[in-house]
Amino acid sequence: MISVHAKGMIVDDEYVLMGSANINQRSLDGSTFKGYRDCHGRLSANIHMVREEDSTPQPVYGYRMSLWAEHLGVLEDCFCQPETLECMRKVNSIAKTNWQIYAAEEHKEMTGHLMQYPIQVNKDGKVTTLDHQLIFLML
């Protein structure tokens, strides 16, 4: 049996990195750690294409949008521009709502499966649990 814990990174809808390596120098260059060499598979693609307002979606953009549709359970116009505050607020809203559904006593279907991690960090950097959800962090 082969088990792969895959990771992925998409940069600016132009570059994709997928594989089993963690996104750090040791995993990506095959360095040794405590005498062991990381051995991972990796695929990368750099597709630089200018997207104009009326052009058809490009491959990396389409890939990102399909992932977002799967994980968020919905496609919104604001997802076309992930760098905007509107998009970030929408994604955070879906994630927060999904956490509330997950943590509730009564069963209800979530929209997608992205959830807010049940912690909060204050301005001083102190980490606390969200809504006193201690059991989640102890599992």
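The values are calculated or read from the model by the stated rules, or taken from the named source; none is laboratory data. This is a predicted model, so every value here is computed, not measured. Note that each Cβ is placed from the backbone with ideal geometry, even for glycine, and that neighbours are counted across all protein chains shown. All accessible areas refer to the heavy atoms of the entire protein, side chains included, with ligands and DNA or RNA removed. Shrake-Rupley method; radii C 1.70, N 1.55, O 1.52, S 1.80 Å.
Place a point 7 Å from Cα of Ala69 in the direction of its Cβ. Which residues in the range 76-99 have their backbone N less than 11 Å from it? Inside the label zone: 76. The accessible area of Lys126, taken with all protein chains in place and a 1.4 Å probe, comes to roughly 130 Å².
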